[in-house]
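The values are calculated or read from the model by the stated rules, or taken from the named source; none is laboratory data. Everything numeric here is computed off the predicted structure, so don't read it as measured data. Here the Cβ positions follow ideal geometry from the backbone for every residue, glycine too, while neighbour counts run over all protein chains shown. Ligands, DNA and RNA are stripped out before the accessible areas are found, and what is left, the full protein with its side chains, is counted by its heavy atoms. Shrake-Rupley method; radii C 1.70, N 1.55, O 1.52, S 1.80 Å.
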Amino acid sequence: MEKNVIVLAGMIGAGKSSYTELISKELGSKAFYESIQDNRILELFYKEPKRWAFALQIYFLNTRFRSIKQALLDQNNVLDRSIYEDALFTQINFEEGNISEPEMDTYLDLLDNMMEEIDTLPKKSPDLLIYLRGSLETVLKRIKMRGRPYEQIHLNPGLLDYYTTLHSRYDDWFTSYHHSDTLVINIDEIDIHNEEDARILMLQIRKKLKEVRH
Ligand SMILES: Nc1ncnc2c1ncn2[C@@H]1O[C@H](COP(=O)(O)OP(=O)(O)OP(=O)(O)O)[C@@H](O)[C@H]1O
């Protein structure tokens with residue numbers, strides 16, 4: 001069986017974890033999930049972004065580095081979010097004044113350093129990045145449905161601005177991504193809990209993986 005490293009990307013609430021579960025099951029590869037339960041800083045960040053943004057980014061950077069290294073060594077994984085995407089969150093937190101300039105510089109330097117390390121691995125980048133792209137309306141609906149209290153706009157109205165800004169920047173982030181081939185999925189139209197949609201999605205992914213390998 002062919003081995004693949006696939007990374008998912010997309011807005012908060014886009015469905016990366018569900019896609020990761022489906023794709024890893026279908027391809028018989030190992031899933032790597034962002035560990036929300038073990039993350040003691042996330043909830044603190046949502047309450048007090050100015051105090052916790054930098055610590056949260058370092059936390060994510062560290063866990064993401066560990067995951068991508070492991071994934072590239074095993075060469076048969078699906079990651080629900082990757083190291084390539086976090087810098088967008090960091091940049092926006094910097095622009096919002098939640099992260100200072102020296103902190104931002106430190107982050108970017110550390111990220112560069114990690115990327116150089118990744119570049120020394122036999123496999124240096126994923127085979128495919130799948131970008132889950134959808135309207136702001138769709139992701140807001142899903143964030144609400146999922147119901148994690150600290151992500152809810154009605155409990156923290158400032159979050160609407162944060163989500164709107166992040167969402168408006170995702171396409172630019174995606175355009176600048178250059179580490180692997182990519183596939184865009186329109187999440188406004190596809191529901192992977194529907195069997196037929198899931199089947200078509202897997203056909204698309206398998207076809208793309210074949211192209212990538214040739
Ligand atoms: N680098 C980051 N900076 C700030 N918050 C982050 C960062 N990475 C993830 N998060 C936050 O962590 C939480 C959990 O992320 P997770 O990937 O599990 O869910 P999600 O982004 O909502 O994905 P899904 O697409 O699976 O719904 C979200 O609130 C997300 O905003």
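Relative contact order of the chain, taken over Cα pairs closer than 8 Å and 6 or more residues apart, is 28 percent. By the rule of a C-alpha distance below 14 Å, with chain neighbours fewer than 8 residues away ignored, the aspartates and glutamates paired with Lys123 are Asp74. Judged by the ratio a/c of the largest to the smallest principal axis of the C-alpha gyration tensor, the stretch 8-55 counts as prolate, that ratio being 1.5 or greater while a/b is larger than b/c. Only aspartates and glutamates eight or more places from Lys207 in sequence, or on another chain, were considered; those with a Cα closer than 17 Å are Glu2, Glu26, Asp127, Asp181, Glu196, Asp197. In the stretch 136-214, the inverse of the mean reciprocal separation of distinct Cα atoms equals 15.2 Å; this is its Kirkwood hydrodynamic radius. Structure note, pairs Lys30/Lys141; Lys30/Lys69; Lys25/Lys141; Lys3/Lys124; Lys3/Lys30; Lys16/Lys124: Cα-Cα distances above 20 angstrom occur for Lys30/Lys141; Lys25/Lys141; Lys16/Lys124.
What part of the accessible area of the chain, given as a whole %, is carbon or sulfur when the probe is 1.4 angstrom? So the carbon and sulfur contribution to the accessible surface is 50 percent.
Rolled with a 1.4 Å probe across the full set of protein chains, the surface gives Val184 an accessible area near 70 Å². Computed from the C-beta positions of Glu95 and Ile200, the FRET efficiency with R₀ = 41 Å rounds to 0.60. Using a cut-off of 10 Å between beta-carbons, work out the net charge of the residues near Ile83 (Lys and Arg +1, Asp and Glu -1, Ile83 not included). Net local charge, Ile83 excluded: +2. Across every direction, the projection of the convex hull enclosing the Cα atoms of the stretch 5-213 has a mean area of 11.2 nm². Computed over protein heavy atoms with a 1.4 Å probe, the accessible surface of the chain works out to 53 Å² per residue.
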